[in-house]
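The values are calculated or read from the model by the stated rules, or taken from the named source; none is laboratory data. Computed from a predicted model, the values in this text were never measured in an experiment. FYI the Cβ positions are ideal-geometry reconstructions off the backbone, even for glycines, and counts take in every protein chain you see.
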Amino acid sequence: MLEIFTKLADWSILQMGLRHDTHLGSAVHFFIEDTAKIFVLIYVIIFVISLFRAQLSPEKVRMYLSGKSKFYGYLLAVFLGIVTPFCSCSSIPIFMGFLAAGVPFGVSMAFIISSPLVSEIAAIMLLGMQGAGVKVAAIYVLSGSIIAVIGGWLSDKFNLEKYLIFKPAVTAVNEKASSVKEKIIALIKYANNFAYTTIKSLALYILIGLVIGAYMHGYIPQELFVKYLGHDNPFAVPFAALIGIPIYASHAGVVPVIQVLLMKGVPVGTALVALMSITAISLPEMVMLKKVFSYKLLILFVSFLLAAFIVTGYIINML
């Protein structure tokens, strides 16, 4: 089904008088194919996911968790984190909303880890990209989900809630009644508007990422990537984790670059560690979290993510 985008790119560079085996032709082909593919996939899948997300709220999450095991709560939090296509900074107000609604601390922590770490937009982009595909997308979602669940469990086990600065008051549930027909119409409108708004807000970042990715794909030699981020460098994984911290970027802008790393021979684990670090540990997020976390909790949070990313990267590379 996705071959239509490859054929579109083939036809386009032919009309431009370019050849696929040249640097410029290869770069332009990459840009056209992935631009069309990404925007179509994002709209369709975000539309579908939005139908489910529109019916969820912090209060409903608390109701769903009533009488359930903590493990169930961690999984639900991870699912909500995955289907909320927000950057790390945008996830923090939702995290605070969960705490205010009385959602358990460990469950809320699983969400604040998974929301920026695992994005359905990134998974969609990886799914349809040359060099990535179903396997890489599945590894990305599964490894990020496991890290989030472990983070939530550790938060409860060691009672890290005591290091919170933000002390929420539990809010009451407020349900608005409406007919089934009105709900369906409202959901469809919401899903369409949300998908369109999401694409509009991410378009610039996607295009910038694709331009960078296209240049890397067409002009930077494979040997350069393999030298610093390849299997032969034992420190490639921690290096990939550390270089992501000062960078603040959305999944949409980072994934095209990660795709090129994979296509240039960088191991999957190393490439995914770079993606996770850039999107889940950023300086702006740490500044915002300082309003909610004490310094001790913030240090534990960052240390856990770095350690988890590095261990995950090495494990994936060994598989």
**Message:** For the range 85-127, give me every one of the helices (runs of 4 or more DSSP H) that falls completely inside it and has 3 or more residues that are at pLDDT 85 or above.
**Reply:** 105-117
**Prompt:** What is the number of the single condition among (1) more than 27 Å from Ile147 (Cβ to Cβ); (2) hydrophobic (A, V, I, L, M, F, W, C); (3) within 21 Å of the chain's Cα centre (by Cα); (4) modelled with pLDDT under 80 that Ala36 does not meet?
**Reply:** (4)
**Prompt:** For residues in the range 267-305 being in a helix (DSSP H, G or I) and charged (D, E, K, R), which is surrounded by the fewest Cβ atoms within 10 Å (Cβ to Cβ)?
**Reply:** Lys296
**Asked** Here are Tyr74, Tyr64, Tyr43: which of them is modelled with pLDDT under 75, part of a helix (DSSP H, G or I) and not β-branched (Val, Ile, Thr)?
**Response** Tyr64
**Request:** Would you check which residues across the range 306-319 are under 23 Å from Lys135 (Cα atoms), of a type outside the set (Ser, Thr, Tyr), surrounded by 13 or more Cβ atoms within 10 Å (Cβ to Cβ) and touching a residue at least 24 places away in the same chain (Cβ under 8 Å) and list them?
**Result:** Ala308, Phe309, Ile310, Gly313, Ile316, Asn317
**Request:** Kindly indicate whether any position in the range 131-143 is at pLDDT 85 or above, within 30 Å of Tyr295 (Cβ to Cβ) and of a type outside the set (Lys, Arg).
**Result:** yes
**Asked** Here are Val211, Val226, Val237: which of them is among the β-branched types (Val, Ile, Thr) and modelled with pLDDT under 75?
**Response** Val226
**Fill in**
Of Ile281, Ile258, Ile220, Ile206, the only residue that is at pLDDT below 75 and either within 15 Å of the chain's Cα centre (by Cα) or within 19 Å of Ala122 (Cβ to Cβ) (or both) is Ile206
**Request:** Kindly indicate whether Ala110 is touching a residue at least 40 places away in the same chain (Cβ under 8 Å) and either more than 19 Å from Asp34 (Cα to Cα) or within 16 Å of the chain's Cα centre (by Cα) (or both).
**Result:** yes
